[in-house]
Amino acid sequence: MQHWAGSDVSSARYRARQIRLDLGIVAALTAMGALRVEVAWAPQYRWCLVPLALAMVVLLGLGALPWPRLVRRPGLTGWLTAWYVACLAGILVFTRLDGDGTAIYPAGAIVVVVAAAALASPRTILGLGLLAQAGYLVLALTAARPNPVLVASLGMVLTVVVGLCVLTAHNRRLQDAQRTGAERRSEAMLENGSDAVLAVADGQVVFASSSTGRILGREASQFTAETLMAMTHPDDLAEVVAWITELHAAGPGRTTRIDSRCRHADGRWFHVQVTGTNRLDDPHIGAVVLTIRDVSAQKALEGELTRQAFQDSLTGLPNRALLGDRMNQAVARNRRSGGRVELLLIDLDDFKKVNDTLGHRAGDELIRAVAARMAGCLRPADTLARLGGDEFAVLVEGLDDLELAALAERLLEVVRLPVRVGHRDLITTASIGIASAKITDTSSEADTHELLRDADLAMYAAKTAGRDRAVVFDDAMYADAVQDAEARAQLERALAAGEFLVHYQPIVDLPSGRLIGVEALVRWQHPERGLLGPDTFIPLAEETGLIVPLGHWVLAESCRQVAAWHREVPDAGRLRVSINLSARQFQHAGLVGDVAAVLRESGIDPGRVVLEITESLLMRDTDATISTLHELRALGVHIAIDDFGTGYSSLSYLRRFPIDILKIDKAFIDRIATDPDDATLAEAVVQLGRALRLQTVAEGIESLDQHSLLSALGCTYGQGYLFARPAGPAHIEALLRQSRNSGDHRDGTGDWWGPAGAVSPAPPA
């Protein structure tokens, strides 16, 4: 089968066929002329047969020339025009010798002009027509006895035919120009498109677009069936051959696609997508059309997205998604054999400190180094994955308990090794949780989730037990986790249902015994367990973050209640309220705004509000703490350090913090009357407060001896069971009123909280 021809080749073939046809027509006219000489001319003119015969031989010989190649030569158009003119001249000479020349000449001239109309331009056809008319005029004027009517009629026919030929040549030129433009546009689109187009028929490449050179690295003329096979990757060749065979056997118009790898002319392999369409039944095509597109960039992007989806970018290890897939595969492999699948969850201890002190770049280097070391402890079939941050997981199969413990110990050892980062050695440890599962026929993907959950619980148990160790999961851990989850849910429900209460413990002026304030203490009125103290739910609230909304509610409720006492209870206008701020509540970004809103909504005098923070909280990020304390002080509230003496604050730090009150921890008060050392410490705190112009409050006073000694030491205020236990608002309001009534005794011999009378309840300014 011949290759598809381009527009230039098709035009050349058309011109060659037309030239041969014209030669044949003129040869036929010559033969008719020879017959005319033999039949109608006088014997003395028989010599004309010789040149006519020679002309026929020459014309037939010219028809055998390689015209498809000759028509490409420049100047051929001029030679063709000259040949047509010569044909008209020959016809004129012949008809002048013939007695019926005026009738024969128009017919011969018309044949020549019509033949020329298939090749020549409209201008050439018009010139040949005018030349033919001129020859006919000369012939008519030189004829012996011309028939005027016949001459005029045939002249008009010749004129009409010439005009039609000129119009035909003009329309042909327009059509050729339009076809050439469409072909050039198609070629340009194919050349500059992103696809290479091939047509394959009878096992041969019959067409290749010019874009193949740019896309595939080979020019269109170089493509053969063997070339296509050699360009296909050996691993893809069988699949591609089967695809081509199936496409040939498919129905007309069937289109399918295949992805393969192709060798470029420069030797590199690249990915291609081949779209094939069966056009064998199309008479104008008769081939399978292949559209080849370079999809290397797309494949590279897909590979990168796959890598990002299943690989950790920092370490190159599998990520959580790929670990989950491999866990599912491990379960499937061991389902019939009843094997074991084990998971070790590894979390670096105190890794956040590395990022906070040395920066994230140092943290990244530490993560990479530790990951490489742990990978060296594993078998090729094991999977080490990074789950995120400083958390890793190791998936193994078929290890017994001793082998699993030995692996965990090796991992702990390599983590402990120093890691050189910059100019310093970093030493870290890890906590490892170990969980295993016996795979059975009923095991499923849900077991992998449980395995990861169990390892996580065991890892947190390792951290709780002191870190730098491995802990194996047991069922009690899951039971504790369920209990914690249920407790959190109950805590959330309690907060939403308003089950929390605020109790208040009085604070008294030790020298006079007057009630000068209260400390707000939250309680939980549990619907089943009754009234619960803070020790049963505050730690969980701190851990879950619910302490922030709970603390806000306590702040708002206690300010509202004390503001009401200021308005409703006589002489209670100077009563102050102390409210504890937890560590998470203090670090909450909206703390200052929340306090300002509560002060505004409750209408309480900010000078009657004391916010208590622990001594240990002061030492966390001191600059930020000082800034927050100054913002709170700017609202008008007072600041107290709770449980003072249990932390590590120094005198220099105390001078920097904007505080007003020191609260002496109960641990120093318990043995103050019996242990001289505790008495000395309490006295030191009181003297420190006096030196810094701070008020002091003693917590946990439970005996008269403690009360008397603290008063003698100069402690300003106190609270404890000696005076009153924490109680609800109604009881505290009764105490306030009792304190006011007992203030009528002027001798000062009794206290409102004791069996005797009371002193004036007015608190100090």
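The values are calculated or read from the model by the stated rules, or taken from the named source; none is laboratory data. Keep in mind that what you see is a predicted model, and the values were worked out from it rather than measured. When we count neighbours, we look across all protein chains shown, and the Cβ atoms used for this are built from the backbone with ideal geometry, even at glycine.
Observations
- One residue alone among Val112, Val157 is among the aliphatic types (A, V, I, L, M), assigned to a helix (DSSP H, G or I) and closer than 17 Å to Gly90 by Cβ, and that residue is Val112.
- Single match in Ala230, Ala201, Ala169 (criterion: loosely packed, with under 13 Cβ neighbours inside 10 Å and touching a residue at least 12 places away in the same chain (Cβ under 8 Å)): Ala230
- Exactly one residue out of Gly90, Gly78, Gly61, Gly101 is touching a helix residue (DSSP H, G or I) at 6+ places or on another chain (Cβ under 7 Å) and either of a type in the set (Gly, Ala, Ser) or outside the structural domain of Met156 (by TED's automatic domain parsing) (or both): that is Gly101.
- Selected residue (only one of Leu404, Leu399, Leu452 is over 20 Å from Ala321 (Cα atoms) and assigned to a helix (DSSP H, G or I)): Leu404
- Flag if Ala406 is of a type in the set (Gly, Ala, Ser) and either under 18 Å from Thr429 (Cβ atoms) or without any contact (Cβ under 8 Å) to a residue 40 or more places away in the chain (or both): yes
- Hey, Ala31 assigned to a helix (DSSP H, G or I), more than 30 Å from Val205 (Cβ to Cβ) and free of Cβ contacts under 8 Å to residues at least 60 places away in the same chain or not: yes
- Scanning segment 517-561 for residues that are surrounded by 17 or more Cβ atoms within 10 Å (Cβ to Cβ), charged (D, E, K, R) and closer than 18 Å to Gly728 by Cβ returns Glu519, Arg523, Glu557.
- Taken together, Arg567, Arg574, Arg514 contain a single residue that is surrounded by fewer than 19 Cβ atoms within 10 Å (Cβ to Cβ), assigned by TED's automatic domain parsing to the domain that holds Leu710 and either within 19 Å of Leu617 (Cβ to Cβ) or touching a residue at least 24 places away in the same chain (Cβ under 8 Å) (or both), which is Arg574.
- The number of residues in segment 437-446 that are out of contact with any helix residue (DSSP H, G or I) (no Cβ under 6 Å at 6 or more places or on another chain) and either at positive phi or buried (at least 20 other Cβ atoms within 10 Å of the Cβ) (or both) comes to 0.
- Hits in segment 366-396 (condition: in a loop (DSSP other than H, G, I, E, B) and not charged (D, E, K, R)): Gly376, Cys377, Leu378, Pro380, Ala381, Gly389
- Hey, Ser602 within 23 Å of Ser627 (Cα to Cα) and among the hydroxyl-bearing types (Ser, Thr, Tyr) or not: no
- Against the test of being of a type in the set (A, V, I, L, M, F, W, C) and within 17 Å of Ile639 (Cα to Cα), the options Leu546, Leu550, Leu540, Leu575 yield a single qualifying residue, Leu575.
- Every listed requirement among (1) at pLDDT 90 or above; (2) over 30 Å from Gly75 (Cβ atoms) is met by Ile110 save one, (2).
- Of the candidates Ala698, Ala765, Ala724, Ala730, the single residue that is modelled with pLDDT under 60 and not charged (D, E, K, R) is Ala765.
- Taking the criterion of being crowded, with 16+ Cβ neighbours inside 10 Å and under 21 Å from Val562 (Cα atoms), the residues of segment 480-500 that qualify are Glu499, Phe500.
- Remark: pairs (first residue in segment 89-102, closer than 13 Å to Val138 by Cα; second residue outside any helix (DSSP H, G or I); Cβ separation under 6 Å; 6+ apart in sequence or on different chains) = Thr102/Ala143; Thr102/Pro146.
One line per residue, one yes/no per condition, for (1) at pLDDT below 85; (2) out of contact with any strand residue (DSSP E or B) (no Cβ under 8 Å at 6 or more places or on another chain):
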{"residue": "Pro606", "(1), (2)": "no, yes"}
{"residue": "Arg633", "(1), (2)": "no, no"}
{"residue": "Ser650", "(1), (2)": "yes, yes"}
{"residue": "Lys663", "(1), (2)": "no, no"}
{"residue": "Ile672", "(1), (2)": "no, yes"}
{"residue": "Asp678", "(1), (2)": "yes, yes"}
{"residue": "Ala684", "(1), (2)": "no, yes"}
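- Among the residues of segment 591-627, those that are touching a residue at least 12 places away in the same chain (Cβ under 8 Å), in a helix (DSSP H, G or I), farther than 17 Å from Leu555 by Cα and out of contact with any Pro (no Cβ under 9 Å at 6 or more places or on another chain) comprise Glu615, Ser616, Leu617, Leu618, Thr622, Thr625.
- Options Val331, Val421, Val414: the member that is out of contact with any Phe, Trp or Tyr (no Cβ under 8 Å at 6 or more places or on another chain), modelled with pLDDT of 90 or more and either outside the structural domain of Ala462 (by TED's automatic domain parsing) or among the β-branched types (Val, Ile, Thr) (or both): Val414
- Selection status of Ala679, in the same structural domain as Ala634 (by TED's automatic domain parsing) and over 25 Å from Leu521 (Cβ atoms): yes
- Within segment 406-427, if we keep just the residues that are loosely packed, with under 15 Cβ neighbours inside 10 Å and of a type in the set (A, V, I, L, M), the residue that is farthest from the chain's Cα centre (by Cα) turns out to be Ala406.
- Boolean, Ile579 is assigned by TED's automatic domain parsing to the domain that holds Ala734, surrounded by 15 or more Cβ atoms within 10 Å (Cβ to Cβ), at pLDDT 90 or above and in contact with a Pro (Cβ under 7 Å, 6 or more places away or on another chain): no
- Selection status of Leu688, touching a Gly at 6+ places or on another chain (Cβ under 8 Å), among the aliphatic types (A, V, I, L, M) and at pLDDT below 90: no
- Residues that are part of a helix (DSSP H, G or I), in contact with a strand residue (DSSP E or B) (Cβ under 8 Å, 6 or more places away or on another chain) and at pLDDT 85 or above, drawn from segment 230-243: Met231, Asp235, Asp236, Glu239, Val240, Trp243
- Members of segment 697-708 that are assigned to a helix (DSSP H, G or I) and closer than 19 Å to Asp643 by Cα: Gln706, His707
- Residue within segment 298-320 that is touching a Lys or Arg at 6+ places or on another chain (Cβ under 6 Å), closer than 30 Å to Val240 by Cβ and not acidic (Asp, Glu) present: no
- Enumeration of residues in segment 300-353 that are buried (at least 19 other Cβ atoms within 10 Å of the Cβ) and assigned to a strand (DSSP E or B): Pro318, Val341, Glu342, Leu343, Leu344, Leu345, Ile346, Asp347, Leu348
- Neighbours by Cβ (under 8 Å, 6+ apart or cross-chain): first from segment 277-296, not assigned by TED's automatic domain parsing to the domain that holds Ala250; second buried (at least 19 other Cβ atoms within 10 Å of the Cβ) and of a type in the set (Val, Ile, Thr): none
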